[in-house]
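Below: one structure, written as structure tokens.
Each reported figure results from applying straightforward, stated rules to the coordinates on display, with no laboratory input. Remember, predicted model here, so these are calculated numbers, not experimental data. Cβ coordinates were reconstructed from backbone atoms using ideal geometry, including for glycine residues, and neighbour counts include every protein chain displayed.
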Amino acid sequence: MYDFKTMKFTSVSCFLFFCLIILIIPSCLAYNVVNFGARGDGRTDSTCAFLRAWSSACHSTSQPNVYIPRGTYLVRTLNLNGPCKRRVEFRIDGTLVAPVNYNAIGNAEFWIMFYKVSGVNVYGGTINAKGHGYWSCRKGGKSCPQGARSIQFMWCNNVLLKGLTSLHSQRVHIGIGYSSNVRVENLKITAPSGSPNTDGIHVQNSRGITIYDSIIKTGDDCISIGPASANMWIEKVGCGPGHGISIGSLGHSLNEDGVANITVANSVFTKTQNGVRIKSWARPSGGFATNIMFRNLVMRNVGNPIFIDQNYCPHNVCPRQSSGVKVSDVTFKNVKGTSSTQAAMKFDCSASNPCTGIKLHDINLTYNDRLRRPAFAYCKNARGRHTGKVFPKSCI
Ligand SMILES: *[C@@H]1O[C@H](CO)[C@@H](O)[C@H](O)[C@H]1NC(C)=O
Ligand SMILES: *[C@@H]1O[C@H](CO)[C@@H](O)[C@H](O)[C@H]1NC(C)=O
């Protein structure tokens, strides 16, 4: 016999059952910070909840996923320590904010640190360090805490950081140190042009780093590459405002490992203080920069579009010696656009260690000048060659 009532009941309960499964899956398979006591109200301190969720995911062998749903979460310093049992996924749909009082995170070196994690994917979300108070403290010349980088990967391997928006860091937005095989993509980094030392991404003592398809607007270098870094690929970056993409500063210490095999390609610089730059202090050092490729770059009203500066001297505190850093095999290929200074290309190399193997190919930089004065190239202790059309006329 056909029992209409039972069938109806069965289909309704089936439907409810599936609804339940769909509702449960995200929160039960993931370590949802809300289940650990976090509140997305922008006011409740959720630091402990985040740390507990991390620790549970990190120790999990089945589904090591941390999930941060929509909402605004107030968090202080987060030390996300490894090693973890498996690759951890850290998915942010919400926004993390630091306390308005800059001392809350400013006495630690990092706001959010992944430490000794081998295998982590960080997706999405926004982090806002609210650096304004800290920057005014610095500008006011008061004694301020050291300031925190917003995210740091320290001694990490196999990292993917994708789709994150980082706002108003106290200092460097994203730091990568003593790490390898890190891929960063689709990032948006924003701080005002006048904010001190708010580099977009700073890499040091690391290898195998890729930075792809990201927009960086900041008060210091969009990307800076410190000593002991190798095998880096930077592509499709929009930089500006900011100080450009820099290798260095190098040669601050006598015993320093060099920088090798770096490519910067297909990127656009808009109203930046510099375009692509290698900078070193004018003092003895065993450092070096070699096998560097800059290609397919567009400069829009950029201060020093092409710049090797071995007399790096910020804030007029200069060693005024000769740089020990050896710069060699640096190629600039297909670099076009406008310079906001007349010296569109500057090679200010060390007298004791002249630059060698500088290659220029198809350069066209014009001086954006009301008086229509032509751009020029400046060379000191620079050796190499040029091919194709090079404008301004090469001085190499
Ligand atoms: C240079 O770096 C790239 C990654 O950017 C890597 O694929 C390549 O193997 C490196 N070359 C050498 C000689 O290490
Ligand atoms: C260089 O660029 C300017 C402005 O875009 C253009 O007028 C000029 O023809 C270019 N020169 C060469 C040699 O390509």
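A few points about this structure:
- Around Cys349: net Lys/Arg minus Asp/Glu count, Cβ-Cβ under 11 Å: +2
- Panel order for Val390, Val317, by other beta carbons found within 10 Å of each beta carbon, from fewest to most: Val317, Val390.
- Residues in the range 254-277 reached by a label modelled at Asp369 [backbone nitrogen below 20 Å; 7 Å Cα→Cβ]: 271-275
- Relative contact order %, the chain, counting alpha carbon pairs below 8 Å whose residues are six or more apart: 7 percent
- Taking all pairs of distinct alpha-carbon atoms in the chain, Kirkwood radius in angstrom: 22.6 Å
- Distant-in-sequence amide contacts of Gly384, defined by a placed amide H-H separation under 5 Å and a gap of 5 or more residues or a different chain, comprise Gly357, Ile358.
- In terms of packing, defined here as the mean over residues of other Cβ atoms within 10 angstrom, the peptides 368-380, 166-178, 140-152, 197-209 line up highest first as 166-178, 197-209, 140-152, 368-380.
- Averaging the sequence gap over all C-alpha pairs within less than 8 Å and six or more residues apart, then dividing by the number of residues, gives the range 129-261 a relative contact order of 19 percent.
- Shown is the FRET efficiency for Arg52 and Tyr178, computed with R0 = 22 Å from the Cβ-Cβ distance and rounded to the nearest 0.05: 0.25.
- Exceeding the 29 Å Cα-Cα cut-off - candidates Lys162/Lys389; Lys116/Lys188; Lys236/Lys359; Lys326/Lys389; Lys85/Lys217; Lys130/Lys336: Lys162/Lys389; Lys85/Lys217; Lys130/Lys336
- In range of the label at Thr356: residues from the range 372-396 whose backbone nitrogen is under 14 Å from the point 7 Å along Cα→Cβ: 382-385
- The chain: DSSP helices with Cα axial extent of at least 27 Å and average Kyte-Doolittle hydropathy no lower than -1.0: 4-29
- Multiplying the residue separation of Met293 and Arg39 by 0.36 nm and subtracting their alpha-carbon distance yields 86.8 nm.
- Taking only Cα atoms of the range 237-396, radius of gyration then Dmax in Å: 14.6, 47
- Placing a pseudo-label 7 Å from each Cα along the Cα-to-Cβ vector at Tyr212 and Asp257 gives an inter-label distance of 2.5 nm.
- Put a dot 7 Å past the Cα of Asp93, heading toward its Cβ, do the same for Gln342, and the two dots end up 5.9 nm apart.
- What you get for the chain, charging only the Cβ of Lys and Arg (+1) and of Asp and Glu (-1), is a dipole of about 720 debye around the Cα centre.
- Order of Asp329, Asp221 under a 10 Å beta carbon neighbour criterion, fewest first: Asp329, Asp221
- Placing a label point 7 Å from the Cα of Asn266 along the Cα-to-Cβ direction, the residues of the range 279-306 whose backbone N falls under 13 Å from that point are 295-297.
- Sequentially through the range 340-349, phi angles give Karplus couplings (6.51, -1.76, 1.60; θ = phi - 60°) of 8, 10, 6, 7, 6, 10, 10, 10, 9, 9 Hz, Gly and Pro residues having no value and appearing as x.
- Dividing the mean sequence gap of close Cα pairs (under 8 Å, 6+ apart) by how many residues the range 237-396 holds gives a relative contact order of 20 percent.
- Alpha-carbon centroid distance for the pair the range 271-310 / the range 201-225, whole angstrom: 14 Å
- The distance from the alpha carbon centre of the range 339-396 to that of the range 37-87 is 50 Å, rounded to a whole number.
- Burial ordering of Lys188, Lys139, fewest other beta-carbon atoms within 10 Å first: Lys139, Lys188
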